[in-house]
Structure formats: structure tokens, C-alpha cells
Amino acid sequence: MVLTAATVCKVSLGKARRGFRHLTATKRPKTRPPLPFSCEDMAVSRSRSSSTSAEAWNNMMGQMKVSMAMSESSSIHSDRLYSIARELSGMGFDPVNYTFDDPYTFIEDRRRSVVNNFMDPGHEPGKGLYFADGKRKVDYVLVYQYRRPSSVHDSPGQHRLSVISNGSFPRVGSKEPEGVKEEHAEVVLDVGPADPAEGEKLMIREEFEANLREAGLEMERDNEHKVHGQGFIRVHAPWQVLSREAEFLKIKVPTKKSYELKEEKGLSGTMSTIWRKMNQPFQPKVPNLQDQSRTKYLSHSFSRDKLHLYNIESKDTFFDNATRSRIVYEILRRTACTRTCQTMGITTLIAKGVYDSAFPLHDGDFKGENHNVQSEDKNDRQLLHDEWARYGAFYKYQPVDLIRKYFGEKIGLYFAWLGVYTQLLALASLVGIIVFLYGCFTIDSNVPSLEMCDEKQNFTMCPLCDRACEYWHLSTACGTARASHLFDNPATVFFAIFMSLWAVMFLEHWKRRQNSLNYSWNMTGMEEEEEHPRPKYETILLQKRQRKRRSRKKNKSEPGDEKLTWKDRMPGYFINISSILLMFGVTFAAVFGVIMYRITVSALLAMSPDAQIKSNVRVTVTATAVIINLVVILILDEIYGSVAVWLTELEIPKTETNFEERLILKAFLLKFMNAYAPIFYVAFFKGRFAGRPGDYVYIFNDYRMEECAPGGCLIELCIQLSIIMLGKQLIQNNVFEIAIPKLKKLFRTIKEKKMIPEEREEQAGRTLRQWHLDYNLEPFDGLTPEYMEMIIQFGFVSLFVASFPLAPLFALLNNVIEIRLDAKKFVTELRRPDAVRAKDIGIWYNILSGMGKFSVIINAFVISFTSDFIPRLVYQYMYSETGTMHGFIDHTLSYFNVSHFKEGTAPSGSTITVCRYKDYREPPWSGTPYQFSKHYWSVLAARLAFVILFQNLVMFMGLLVAWVIPDVPKNISEQLKREKTLLVDVFMNEEKEKLQLIQSLFSKEAPQPRQPQIQQSSLPQDASEPRLPLPNLTQTGDTTDVGASIPLSSRFRTRPRAASFSQFTRQASMSPRSDAGRHTAV
């Protein structure tokens, strides 16, 4: 369809007159004057000269901003018309984005508001943190991908709009080119069929943004001057919206009322002062947050009726950036699209691909232009970078209040928890070092290791493998025995008890710290917020409703309230159970594979003719097997993380909280089994089922089960635990977190270099604003990975700490680096997360508490069955003739007659008749050869008794510690009570002042015969106030006598109750647009 300019004008001038407005708001008159031309003026005959044509066109263009045309056969008319408007904007027109169903009536519906504030690419007020006017702050950014149809001449099957003139014409504001040729000029705007999916997304965006405007938000976007790319929509919440939502969300804000905190006196006050002075060099230099002020301001839930109570110096800065973005996110999350799609919230639209992402902006650049700027002049992001995210600040405390102010309570609680955990690790590390040093100092006086290293004892041991291995002397394992004493000594038992109590003390101390933060962050009494369904839940529920609707049409049944039941989730539950069992099988298969590696490699190395290799078989096999275990654990960790997400999706959780809790449980269960399965094998299974000489247990009839080292399995457990723990922390927690972001950044750089020269020049010439910089950062994926690595580390520190007392020290060193690494990631490499309110760390506390109780049982079994602590006690107090440890090694070794070896398993060419092996069995010359001796049963009974005693003793002491340490600090509980009393006094005084004002007004107006007119704003709100008689009300015959006995506050003013979410959304959709929703053009 080819139209002349005059035809286009006749079709669209009436609508364009009402639907479009000039870009500059200050130049727009309040009244709409008629356009000083008619459509007939555009009919330019071919006989006129080109200069006359250009002059007429240019004159017309200076008066009219936009004209519009419609493709006759376009099914997605909004997409086509929007494409036309964008094409016309490239010619000097400025289109306006509207939501419409009918292309000829949509402009009338939007005639009162300007939707887009187009921003000049060269204008950058406020460094990209404000709208183009430099006054309205950008509170949130929506990003979407757009693709415009390209201009095509005479493409088959396409409809196109052409503006035909007898001469060329320049753009608005440009001079007419000299020597213009008289030729037929045609401007082709493609409105042909585009991707239907893109058109549908465009309509959804239009409806969603219209609903946001109805909610009071203001928006601004850039011109879409490219064929495809990202579109950025900046969102601003004015004061009316902020105050309304703050009251709806019950956000607590400080009031003008303050009180002085009690100063500590006496010895405690002196100690506190000394402690603060000692800690001063370790405090971050954060203004307004590090001041130890004795003045505390009362806090109260925000209410628009009590604005006089709050210290509102400026409405633009009363709510901080995190609170503003959280309010906008709440609106985005609950805004629905009912006409174009049955969805609610920005998360669903992002899942559907309507928007690419949505995020709040960072507070400018974290580096800063001038490094000599004082702390008071830096923004919050620069302060966090300088005082928290630098490795040079590792010795300072974390600015937890500033972290909470910038990122929200949920992230603030994570870093506060990590700080408490790291601080208490210092105490555990100190005790662990003392235990290790005790082992070092007593190694030369340890009788069992001295006997094992004494070559005069001449203990001939049975072969370690069949046929290839020879008899060996116990003195060759002297090094292993001495190293085992470093970790297996009497102090280890004390350390295991201490660490069990330390875990309880850590959890109790964290509860106190958490309650203190809740008080200082005004989170006490916070109610649970209503959560919206997840996108996948909504999609599956919509599909179920559609199936039900079709079935009701066939059966003509009554409609019901559909919801997902256990029958809908049953397939997901079945797949979950079977998949988790399969993952467990994979983990056990990996452990079994490493066991087979150890057995086969040990046999191969034992047959080596090299004596040096033979002497180091056990060390070589153990080290290489642990490294293989570490690699397998790292690989399976990544696989299990993805599998846990997939399995949780199959369960179809309704809300994000349910999804997160189920994901955490699955991921923790899988990763716990993956990380600790090899350690559990070494601690409790290795060597337990190997059999005895002459009756060994074989795997696949050829491979003999491996046995513990001569010094015991505890030293192997120590090696296994240390390598896996250090490897996971070094590789997974640090190298991955540093290397992966660097690789992603390198990939983006390479991708930018491969861009075509035109796009590269355009991007290089474009001024990058804050939303462009933030969009290039990595999105925030939640705190689950951060918590998970710390929880696994907590297991290494608490579960098997009896075998490795230095575990807290390595955990402490790792966490000092981890805090700064996470801080740098949050400040410099991630988009700013949404500020989420939270009172606690959620399900992670329950996991920590469960692991603390489980660690008591594990350490009891490690000390009893893995170490030689109980056998030493039994020997010393029951079987030793001198009451010392002399003769302990000989007591633990049993005898075996080499003639009882199975045929083909004994070493050939040996003259030895009896060999020794470590076990409590009867000798071959007894009546019951090779049966368990009474010593074995005595030791087993002592081991079980120790487990019961240790477990109950430590559990009781843990309960005692939890009872002694209160959950809420005493000063916090006193301040809470005092604040409640002060708040009641404030409101009572306010009500008294109102009542006195009303009584004074009545007393002044009482002599007057006419009915007094009482101002509504001066009346009290309490419905239980005394009823005051009104003079001469019954004589006027007015209807006011009906309410003469009603309380004044109820009669003149009734405060509405807080509306529910559904009522709020209905009222918002039914209410007309207010001035807060209008946008001024830029």
C-alpha cells in the first residue's frame, strides 16, 4: 500500500492531534491551538519546483510532530504501529508508547499522560543516577531486548507505508541542501509481518507499563535508534508512592523523639571504655555509622497521618536508596497483566522473556574520581569498597550497618553471621594450636611410639598382600607412629569436648547478635510478607485451569477453584526420590572406585623391585587417592548443584521461600554425602572388614580388602580431611570465585572485539551511564552458594575435628580471605541485589544446629573406634603390671602361624614360622585359635561406654551453656521495654493535645446560636472519646442530630482500615490516574 503524504495526513491527523505532544514540555501551551495547515497543503503537485516542495514540507514539519498510519492486514497492530512511530522518530518525530486494543481509540485513552521521556544521548546529569531533568532519582531499571523490522523495498507479501514527495526534504532543524535535484523521493517504512512473539511481548510490556503508571510510578526511556538492541526503562517513585507503600509495608522509620542510653558505671563501664579504645584502630572509617552516640531515636511504622512525628528534612532523601528500590520492586512484583497474559509480577515477565532483567542501580562508580576525597563526600559504594572490599582492610571489622543499608537486611545478616563465625574461629584455632603443640612437645616421651620405633623389639609383621609382599618389621612404620601422636593424644579428647561446646556457644552467640541487629535495624515485630507465586507455578496452574475449562464445557459441570494438589506433584516427588538415590549410588560408586585404585596400586607397587618405591607404597597410594577423591568431589559438586535445582523445579513450589528451602535441603544433602563419604569410609569402615591372616576378605575373588596403617587409621583420616578441606577451600571457594568472573569478563571483551566496525564505533562514541555499566555486571544468583560453602566448612571444623585439630586454623585463614573476596564480588562484579527484609538466616540455622548435635556423636565414635585412646586406657588401668604404657604394642598384636596361610598366598622362600598382626585374637596354640579374645570384648565395652558417656555429658553441657547465655542481651530487652513506654507516652500526649484543642474550639463557639464548624483535621482519632453535646442541634431540623451521640472522632473522621492486597489492587485498577503518574517531557 503506497500512500502520498497528503493521504497519510488525512488518515492520521485527527488522531495525531490528540495523541502526540511536543518533546519539550516547557514549550507546550496549556491549550491546544488548531494546526495552521490542512491536509490539502501537503498535496504537492509534480509541476512545482523541488525548492518549493522542500520549503512547504519543512514548514509543515515544524508544526506537526508525528503522523500515523496503519497496515490493513497486520494482525498485531500495536507492533506495526509502534514500528512506524519508531521509524518516524528517526526522521525527527518523537513517538509515544501507548497500550491499546483498538488502533483508532488508543490515543484518546492516553491523552492526559506522557509515557516516554526521551533522553538526549549527550546529556548525562547526575552521572546516570537521575532522570534527564536531573531531579528525579532512578530507583529501578527494566531492560528488554527489542528488534525493529528493517526497511525493505517491494518485498513480496509485505505491506509498506511510503511518503511520496516531488523533491528531497531534510530533517527538522537542518538546512536545505543546495542544488537539490528534481526527482521522485520515496521514504519506505516497513510495517510488514514481524515475529508474532515479539509483537506479543510488546503488547505485554505496554500493558505492564501502563499498570505501573496507574500505580503512580514514573518512567523514562531512551530512543531506540538501532535495528535491535537493549532498551532501558528507568523507573522513579515519587513521594506519594513511597509514603503509600511504606505505610502498606509497615516500614519502621526513626521519629523526632529520642532518649539517652544508660551509661555503664563501675568496673564494667571502665572495661567497656578500654575495649572500645583498643578496638578503635580496627573500626572502619564510616561516617554516621561508627559514632558511639548515647542518643537513640524511637522508631515507628511509617504512617501518612503522622508525618509530623518524623524528622523529614527532605522528601527525596528521607527513604534511602535500598528502601526506595525495595518499594519499587514490591510494586513491580505485584503488578499484573490480565489482558495480554494471565501473569503477575516482573519475575514472571522475565521468565517469559518479556523483559531481559530488572535491577536497582548502584550508587555510582566504586572507584571515585578523586582519591583524596573525605569519607563524608563518598557515596556508599565507594565507602564499602575502600573500607570493606579491599584486601588491605582484612584486619578491620565489617561495616555491617552500611552493608545492610546498601544491600538490605538479608545480605547484611549473611555477612554479620560470617563475621561472628570467623571471630569465634579465632578462639577455636588458638585451642587447636595448643593441642597440636602439646603433641609436638610430648612426641619424644610417648611410650607406644617409642616401642614401635625400637628395632630391638623386632616385631615381624604378616605380609600386606598375597604372594608378592614379604614379611616386614614394625619399626619401619616409625614415622607414621610419631606423626599419629601429633593428633592422637590425650589432649585430643579435651579438644573434641571443647569443639562440641564451641558449636553450641557459636549458635547462642549468633542468636544474641541476630537479636541485637534486629533491634538496631528496626526489624523487631516484623510480620511475614505475602509472597506471590513463582512463574512456573502460575504456568502449570494456568494449564490445569485450561484443561478443567475444556472438560467443564464437555461435561457442563460447575466451575471450581483449581489449585495444585499432591496428585499434580506426585511425578515430581517420585523423580526426586529416585534421582537422589541414584546420586547417592554415584557417590558410593566413586568412593568404591577410589578403594579399588588403592588396592590395585598398592599391590602393583609392592611387586616393584625398587626398594625405595616399596618403602613409600602407603604414602604414595594415600596421597594420590586423596587427590583423586578431591577432583571427583569438585566435579560432582557442580553436577549436584544443577541436579538439585532441576529436582526442586519438578516439585513445583508455590513461592520463592518454599523453592529456596527445598533447594537448600537437596543441595546440602547431596553435597554433604559427596564431601564426607570418603572421610566416613576411612574413619569407620576401613580395616574393619579386612579379616585376618589366613581368612582375608576379597573383592572380586582377587583383591584383598585394605587395612589401616600400623599407626592406626586416624593418621590417614587426618591426611584425607586436610587435603579435601584445603583443596575445596583453595580451588572451589577461592580460585573459582576469582577465575570464573575474570574469564567471563575476558569473554565479553573478546566478543566486543568481534563486533562489526559500525557497532563498535557507535558503542565507543556512546556515553555509558550507570544503567549500562550495571547491566554489564553479573546478575545476583542468591546467597545459597555462599552459605553452602561455609556450612560444608563448618562440618569439617566440627564433625571430624578430633582427627585434625588444625582445621579451625585453616578455616580462619580461608574466611579472612573469603569475606574480602565476597565483598569485592558484591561491590564491583555483581548487579545491586534487591533489598530483602529478613529477621534471621532462615533454614541455615536449623542445619547448623543439627550439624552441631551430629558432631557430638561423630567425635565420640572417632575417639572411641578410630583412635587408640580407649585401648590405651584399658591397657593402662586393667592389664598393665606397672600401671604405665610399657608393653602396649605387644599387647595389641596377635600371633599367626604362617603354616595356616591358604595355598599360594604366603611369601615363598621364608623361614619365618610366626608373624604378628594388629587385633585382639587368641593365639594359634590356644583352644580357640584366632577367635576374639576377652581383651577385645573389654575394649569394645569400654568404647561403647565412652560413646554413651561422652555424648550425654557434652549434650548436657551444651544445654547448660544455652541456658546460661540468654538469647536477647539484657540491655536490648531493657531498651525495648523503655521504647514501648515512650511510644505510648508520645501518642497519649498527642491525643491529649487534640482533645484540648477541640474543647477550646467548643468553648469559644458555644455562645453562638449557629452550629459550629469544626475542622476535621483537628479531631482525635480514638473512637472511645467522650461525647460532647452540640448546642441547638435538635432545633435546626438538620440531619446532624442523628449522630449527636456518636463520638466526635468517629463522626467527623473515620480512619479506614489497612486494605488487603486484593482490595489494594482492585482500588488501584479502578482509580483514575492522578498527577503523580504523569511524566514531564524532556
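Note on Glu214, Glu829: ascending count of other Cβ atoms within 10 Å places them as Glu829, Glu214, the fewest first.
Look at His300, His509 and count the other Cβ atoms within 10 Å of each Cβ; fewest to most, that gives His509, His300. Counting beta carbons within 10 Å around each of Ile841, Ile577 and listing the fewest first gives the order Ile577, Ile841. Measuring between their Cα centroids, the stretch 446-489 and the stretch 806-865 lie 40 Å from each other.
The distance separating the Cα centre of the stretch 618-659 from that of the stretch 297-348 comes to 39 Å. Just so you know, the Rg over Rh for the stretch 557-706 is 1.20, from Cα atoms, with Rh as the Kirkwood radius. Each residue, Thr749 and Leu650, gets one label point 7 Å from its Cα in the Cβ direction; the gap between the two is 4.2 nm. Here is the list for the stretch 886-977: chymotrypsin sites (Phe, Trp or Tyr not before Pro) lying in DSSP coil, each with at most 10 other C-beta atoms within 10 angstrom of its C-beta, are Trp925. With K and R counted +1 and D and E -1, the other residues having a Cβ less than 12 Å from that of Met607 yield a net charge of -1.
A cut-off under 14 angstrom between Cβ atoms defines the neighbours of Phe684, and their net charge, with Lys, Arg +1 and Asp, Glu -1, is +2.
Only alpha carbons enter this Debye calculation for the stretch 683-747, each as an equal point scatterer, and the log10 of I(q)/I(0) it gives at q = 0.29 Å⁻¹ is -1.12. For the cross-link pairs Lys135/Lys306; Lys296/Lys511; Lys262/Lys970; Lys396/Lys744, the ones whose C-alpha atoms lie over 21 Å apart are Lys135/Lys306; Lys296/Lys511; Lys396/Lys744. Taking all Cα pairs closer than 8 Å and separated by 6 or more residues, the relative contact order of the stretch 518-658 comes to 40 percent. For the stretch 875-956, the equivalent ellipsoid derived from the Cα gyration tensor has semi-axes of 34, 16, 12 Å, listed largest first.
Once the chain from Glu990 to Asp890 is taken as fully extended at 0.36 nm per residue, the excess over their C-alpha distance is 27.2 nm.
How about the stretch 890-985: which GluC sites (Glu not before Pro) there lie in a loop by DSSP and see at most 16 other Cβ atoms within 10 Å? Filter output for the stretch 890-985: Glu903.
Charge tally around Val328: other residues with Cβ under 9 Å, Lys/Arg +1 each, Asp/Glu -1 each, net -1. The shape of the stretch 454-578 comes out oblate: with a ≥ b ≥ c from the C-alpha gyration tensor, a/c is at least 1.5 while a/b does not beat b/c.
We did not get these values from a lab; they are worked out from the coordinates using the rules stated. If you're wondering where the values come from, they're calculated on a predicted model, not measured in any experiment. Counting neighbours? That spans all protein chains shown, and the Cβs are built from the backbone with ideal geometry, glycine included.
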